[in-house]
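Participant: My questions all concern the structure below.
The values are calculated or read from the model by the stated rules, or taken from the named source; none is laboratory data. This is a predicted model, so every value here is computed, not measured. Cβ: placed from backbone, ideal geometry, glycine included. Neighbour counts: every protein chain shown.
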Amino acid sequence: MSFLATVGLGIRRAGRPILRNVSVEVKPGMVLAIIGPNGSGKSTLLRGMAGLWPPTEGDVLLDGKPLRNFRRNEIARTITYVPQEIRSEFEFLVREIVLMGRYPHRGRFEREKTGDLDVAHEALKRADAFHLADRPMTQLSGGERQRVLIARSLATCAHILLLDEPTANLDLNHALDVLQLCRSLADDGCALAIATHDLNAVYRFVDRVALFESGCLLAQGKPPEVLTPENVERAFRVRPEILAGVDGTPVFLFHRMNHTNPNGKGTIS
């Protein structure tokens with residue numbers, strides 16, 4: 001099983017720095033949650049880790065070797081990236097989209113084999129999307145498309161999965177299914193990094209957290225070490241109240257900060 005790390009990673013786009021000096025790693029058996037407000041660099045980090053956006057400083061390492069030294073199909077067999085959304089104007093069927101995940105394992109002009117079809121069907125089942133297999137991608141809801149993208153990533157059989165807000169368009173039931181799937185994949189030895197806004201899910205399903213603010217890594221470690229009231233307030237500009245769930249798992253309740261007191265602390269509502 002492979003591991004992925006960034007070392008002092010910085011990324012600029014259109015001359016503007018988006019990430020600065022970021023060092024994180026994701027290992028087999030681990031779910032890493034990448035959290036932070038909108039615009040803090042979560043999606044950029046995942047694209048950099050996938051080799052889609054080249055670093056302007058630092059490096060991305062796959063099994064200790066610079067990612068730039070690997071051929072694209074080698075990366076695609078090892079790392080799979082699931083974006084928040086995919087737009088397609090073509091009437092691809094869902095099963096065709098999922099079979100695209102088998103491209104790294106075939107020659108450029110080689111047709112899919114029975115084994116590829118079996119892997120694709122199993123991926124659809126595991127992502128709870130098998131019933132969508134014969135529907136055009138353009139006719140699916142946002143949540144259904146998200147599950148298809150996850151199925152396509154599973155079809156690659158990659159051991160490193162990078163998911164950008166995989167539960168954003170899902171109802172509560174399917175969101176829990178996806179989070180439990182991520183946990184199950186990690187327990188099977190895969191390495192996962194997921195960008196998410198769901199801090200409550202972080203406590204239940206992930207091993208480590210990387211908290212971002214304005215393109216910089218504010219804190220990283222185990223959830224209790226990172227998701228302190230001080231860190232959450234600094235990053236998200238809300239005042240968290242930490243309660244206990246029925247199983248003892250911490251549950252966040254958030255309060256809006258309306259204004260600032262003379263001592264610099266915001267009041268809550």
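Participant: Against the condition in contact with a helix residue (DSSP H, G or I) (Cβ under 6 Å, 6 or more places away or on another chain), farther than 23 Å from Ala155 by Cα, of a type outside the set (A, V, I, L, M, F, W, C) and surrounded by 15 or more Cβ atoms within 10 Å (Cβ to Cβ), how does Gly36 come out, does it pass? Spell out how you get there, then give the answer.
Facilitator: Values: in contact with a helix residue (DSSP H, G or I) (Cβ under 6 Å, 6 or more places away or on another chain): yes; farther than 23 Å from Ala155 by Cα: yes; of a type outside the set (A, V, I, L, M, F, W, C): yes; surrounded by 15 or more Cβ atoms within 10 Å (Cβ to Cβ): yes.
The answer is yes for Gly36.
Participant: Further, regarding this structure: Out of Leu149, Leu132, report the one residue that is hydrophobic (A, V, I, L, M, F, W, C) and without any contact (Cβ under 8 Å) to a residue 40 or more places away in the chain. Let's see the steps before the verdict.
Facilitator: On the way: Leu149 fails: without any contact (Cβ under 8 Å) to a residue 40 or more places away in the chain.
Criteria check complete, one pass: Leu132.
Participant: Please go through the stretch 180-203 and pick out each residue that is in a helix (DSSP H, G or I) and within 22 Å of Asn38 (Cα to Cα).
Facilitator: To start, the set of residues in the stretch 180-203 that are in a helix (DSSP H, G or I) comprises 180-187, 199-203.
Leu199, Asn200, Ala201, Val202, Tyr203, listed by residue number.
Participant: Condition (residue is in contact (Cβ under 8 Å) with a residue 24 or more places away in the chain, under 21 Å from Ala191 (Cβ atoms) and either touching an Asp or Glu at 6+ places or on another chain (Cβ under 8 Å) or assigned to a helix (DSSP H, G or I) (or both)) applied to the stretch 162-169: is it met by at least one residue?
Facilitator: Here is the first cut: in the stretch 162-169, the residues in contact (Cβ under 8 Å) with a residue 24 or more places away in the chain are 162-169.
Remaining after also requiring under 21 Å from Ala191 (Cβ atoms): 162-167.
Going one step further and asking which of them are either touching an Asp or Glu at 6+ places or on another chain (Cβ under 8 Å) or assigned to a helix (DSSP H, G or I) (or both), we end up with 167.
Yes - at least one qualifying residue is present in the stretch 162-169.
Participant: Restricting attention to the stretch 39-56, report how many residues are hydroxyl-bearing (Ser, Thr, Tyr) and either assigned to a loop (DSSP other than H, G, I, E, B) or touching a helix residue (DSSP H, G or I) at 6+ places or on another chain (Cβ under 7 Å) (or both).
Facilitator: Of the stretch 39-56, the ones hydroxyl-bearing (Ser, Thr, Tyr) are 40, 43-44, 56.
Imposing the further condition that a residue be either assigned to a loop (DSSP other than H, G, I, E, B) or touching a helix residue (DSSP H, G or I) at 6+ places or on another chain (Cβ under 7 Å) (or both) reduces the set to 40, 56.
Of the residues in that region, 2 qualify.
Participant: Here is a follow-up. For the stretch 126-137, indicate whether the set of residues that are surrounded by 23 or more Cβ atoms within 10 Å (Cβ to Cβ), farther than 23 Å from Lys27 by Cβ and modelled with pLDDT of 95 or more is non-empty.
Facilitator: Yes, the stretch 126-137 contains a residue that is surrounded by 23 or more Cβ atoms within 10 Å (Cβ to Cβ), farther than 23 Å from Lys27 by Cβ and modelled with pLDDT of 95 or more.
Participant: Something else: Condition first: farther than 19 Å from Ala210 by Cα and in contact (Cβ under 8 Å) with a residue 40 or more places away in the chain. Now tell me which residues in the stretch 179-198 satisfy that.
Facilitator: As a first pass, look at the stretch 179-198 and keep what is farther than 19 Å from Ala210 by Cα: 180-181, 184-185, 187-189.
Leu181, Asp187, Gly189, listed by residue number.
Participant: Next question, about the same structure. Return yes when Ile34 is assigned by TED's automatic domain parsing to the domain that holds Ile150, in a strand (DSSP E or B) and β-branched (Val, Ile, Thr) and no when it is not.
Facilitator: yes
Participant: While we're here: So which of Leu117, Leu9 ends up being of a type in the set (A, V, I, L, M, F, W, C), farther than 20 Å from Ala191 by Cβ and either touching an Asp or Glu at 6+ places or on another chain (Cβ under 7 Å) or touching a residue at least 12 places away in the same chain (Cβ under 8 Å) (or both)? Give the derivation first.
Facilitator: Values: Leu9 fails: farther than 20 Å from Ala191 by Cβ.
Every option except Leu117 fails the conditions.
Participant: Could I ask something else about it? Does Asn21 meet the test of being surrounded by 13 or more Cβ atoms within 10 Å (Cβ to Cβ), out of contact with any His (no Cβ under 7 Å at 6 or more places or on another chain) and part of a strand (DSSP E or B)?
Facilitator: On the way: surrounded by 13 or more Cβ atoms within 10 Å (Cβ to Cβ): yes; out of contact with any His (no Cβ under 7 Å at 6 or more places or on another chain): yes; part of a strand (DSSP E or B): yes.
For Asn21, the condition - surrounded by 13 or more Cβ atoms within 10 Å (Cβ to Cβ), out of contact with any His (no Cβ under 7 Å at 6 or more places or on another chain) and part of a strand (DSSP E or B) - is met.
Participant: Does any residue of the stretch 58-73 turn out to be modelled with pLDDT of 95 or more and closer than 17 Å to Ala195 by Cβ?
Facilitator: yes
Participant: Separate question: Under the condition of being surrounded by fewer than 16 Cβ atoms within 10 Å (Cβ to Cβ) and farther than 26 Å from Pro240 by Cβ, which residue from the stretch 174-197 is nearest to the chain's Cα centre (by Cα)?
Facilitator: Ser184
Participant: If you don't mind, another one. Considering each of Leu218, Leu211, Leu199, Leu172 in turn, give the residue that is over 29 Å from Gly8 (Cα atoms) and among the aliphatic types (A, V, I, L, M). It would help to see each step written out before you state the result.
Facilitator: On the way: Leu218 fails: over 29 Å from Gly8 (Cα atoms); Leu211 fails: over 29 Å from Gly8 (Cα atoms); Leu199 fails: over 29 Å from Gly8 (Cα atoms).
None of the others qualify; the one that does is Leu172.
Participant: May I pose another question? Sort out which residues of the stretch 63-94 are under 26 Å from Arg16 (Cα atoms) and surrounded by 14 or more Cβ atoms within 10 Å (Cβ to Cβ), and write them in order of number.
Facilitator: Hits for the stretch 63-94 are Leu67, Tyr81, Val82, Pro83, Gln84.
Participant: Would you be able to say whether some residue in the stretch 57-73 is over 28 Å from Leu181 (Cβ atoms), in a strand (DSSP E or B) and touching a Cys at 6+ places or on another chain (Cβ under 8 Å)?
Facilitator: no
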